[in-house]
1. If you go through region 600-615, how many residues are buried (at least 19 other Cβ atoms within 10 Å of the Cβ) and within 24 Å of the chain's Cα centre (by Cα)?
2. When residues of region 61-86 are filtered for being in contact with a Leu (Cβ under 8 Å, 6 or more places away or on another chain), open to solvent by less than 40 Å² (accessible area, probe 1.4 Å) and not aromatic (Phe, Trp, Tyr), how many remain?
3. Only one of (1) within 16 Å of the ligand (Cβ to nearest atom); (2) touching a strand residue (DSSP E or B) at 6+ places or on another chain (Cβ under 8 Å); (3) assigned to a loop (DSSP other than H, G, I, E, B) fails for Glu462. Which number is that?
4. Of all residues in region 611-646, which are assigned to a strand (DSSP E or B), in contact with a helix residue (DSSP H, G or I) (Cβ under 9 Å, 6 or more places away or on another chain) and more than 16 Å from Ala555 (Cα to Cα)?
5. Mind checking which strands (runs of 3 or more DSSP E) fall wholly inside region 486-594 and carry at least 1 residues that are more than 27 Å from the chain's Cα centre (by Cα)?
6. Report, by residue number, each residue of region 362-398 that is of a type in the set (A, V, I, L, M) and more than 16 Å from the ligand (Cβ to nearest atom).
7. Under the condition of being hydroxyl-bearing (Ser, Thr, Tyr) and open to solvent by less than 10 Å² (accessible area, probe 1.4 Å), which residue from region 622-646 is farthest from Gln533 (Cα to Cα)?
8. Does Glu401 qualify as being more than 16 Å from the ligand (Cβ to nearest atom) and either under 21 Å from Tyr539 (Cβ atoms) or not basic (Lys, Arg) (or both)?
Amino acid sequence: MPHFRSSVAAWALAISLPATAQKAPAGKPISPDLFGIFFEDINYSADGGLYAELVQNRSFEYAPSDHSGWHPLTGWDYLHEGYAMGSLSVESTAPLHANNPHYVQLRVESPFQKGLGLKSAGFDGIPVKAGEKYSFSLWARAKAGAAMPLLVQLRNQQGAVLAEATLAAQAGQWQQYRATFAPTATAPDASLVVLATGKGVVDLDMISLFPQNTFHNRPNGLRADLAQALADLKPKFVRFPGGCLAHGDGLDNLYNWKNTIGPVEQRVAQRNIWGYHQTAGLGYFEYFQLCEDLGAKALPIVAAGVSCQNSGGSWKIGGTGQQCVPLPDMAAYTQDVLDLVEYANGPVTSTWGAKRAAAGHPAPFNLHYIGIGNEDKQTPEFRERFKLIYDAVRAKYPKVEVIGTVGPSPKGEDYDQGWAFANQLNVPLVDEHYYESPQWFLANNARYDAYDRGKSKVYLGEYASRGNTLYNALAEAAYMTSLERNGDVVRLASYAPLLAKEGHTQWNPDLIYFTNTTVVPTVNYYVQALFGQNQGTEYLANVVTQPAAADTLAASCVRDARTGDVVLKLVNASGTARPFNIALAALKGLSTAATITTLAGPKDAKNTFASPQAVLPKTAPYKAGKRFAYTAAPYSLTVIRVRGQR
Ligand code: AHR
């Protein structure tokens, strides 16, 4: 992923100015967790995306309620090769687990030359690489008598076998069988074939194929290239599992974290609010582990005992609207939230800490934040349920910081009522969301300057400027300088949404687009990366000045106490080169050695699948004076990192 090494653009002009006396700028502390990421299973971000499972509908749980026309055999083809005779059906008697009720039964009257079985083409094809290894597994149970021989193959589009294994499914109980595949050739769109090659009956479930090369080599892990793209953002926190996914489409669709832990074959699959299916293979354990692998804090969002107000449609145009957990059930619901904290932080001797330990992580995950609700409509029912959960979390876990919610817009009824409610309860942070035009972001750079420092702090949990051009990205960059300037009141911020799979995108724009084999970071991504990689611990005012103020110009200066480095970020979202004056003279312990990174190009430039590197950051060594002028190119973000001492 991004390594910003190359020469700076020729237009960069640095002039040393004579030193004049300057008062040391007072540093204002910035939240240590300012820039993080928002992960939601939207746009096939999880199954078929970050979650590295290559077999779609591995446990035959797809249903019409996931997506019109889907059923337990969606994603599978029936094979009867070489004149094999028999039949296939989906069964649910004596399943592998009650949470995983469907499985396939193959009844082989005559396997004849080859056998009878199933083929999966994965999520738009199974990408495999020669030289890499893949872990195959399935659960099987032969009916009475002899074992059923199974032939498992990876085949390319032409039918050539790239890898194969033979297994023998024993009669009696369900058992798991495994094989390792080392494909002889690379194929972007292979398929997986499972054939019963003997006479008899066999049940199959949880047919799975994973690359062994997952992020941090975790079993049941994450796609290495996508997770690395997240790691390169250097996020300080990860919000999950949404978004709207967290509060769901109706009460039966509230995201229930307890359904997503434990052995994968025992997890409860669920309809995805974005019109597809969640296996829960990427569940709460995997989310916490990802946070740990990224060096980021976990920020789970739980539903506030109410579903999305757009459930069943939209509250404006009908639908069922916000549905509420009945009050008599709220004690149990609230206990689930408390149990989540115990799962993350409790000792191994606690009920839920023991489950974390059983999953292979006896040490706590040190959960610090928890969000209650997601841009919910501020109804009395919402408020009553929020307070029940909030009071219980505060009473039992006073060190865990709770994040409240203030609607889907930067202003309006839910925003006003949400803020009033949060202030009334002294909620530590509230989650603001806004998707606005680039002009809005440029014009509202001062939004947080006037926020009351004595009230709840802000988590800007979802924001984006409705586009993936360089201009959009620069509008966001300009805004991010204001988040740094207000890093005392804006404690956390995350762009949304994060990931989007080509051909399966419900929401645009997104930060990273991908296919099964490629990852295309947008220009917006590089802005997030430059801010994430250059986070500071204090904001230094008056170091950068602009001779001509304009909405299209913005700048920040932060110092990172961990390295002593000082970082300047200069944004020019206009079509004309613009000067910035920089005065570092009063800052102690700075060297002249610096690096300069620029992200610049035509206003409408975008990174696309056809042109994935249209706009990339370029980094070069730089010599910083005590006072100097820097002329920023049209449509550019410049990051100058001046080396300091701790
Ligand atoms: O980020 C996409 C969606 O936008 C989120 O699910 C929701 O919270 C917001 O409306």
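1. 3
2. The total comes to 4.
3. (3) is the only condition that Glu462 fails.
4. Correct list: empty.
5. 538-540, 553-559, 566-572, 578-583
6. Residues satisfying the conditions are Ala363, Leu367, Ile370, Leu388, Ile389, Ala392, Val393, Ala395.
7. Tyr630
8. Here the answer is yes, as Glu401 does meet what is asked.
The values are calculated or read from the model by the stated rules, or taken from the named source; none is laboratory data. Predicted model, so just to flag it, every value in this text is computed and none were measured. Backbone-built Cβ (ideal geometry, glycine too); neighbour counts: all protein chains shown. Side chains are part of the model used for accessible areas, which takes the heavy atoms of the whole protein and leaves out ligands, DNA and RNA. Shrake-Rupley method; radii C 1.70, N 1.55, O 1.52, S 1.80 Å.
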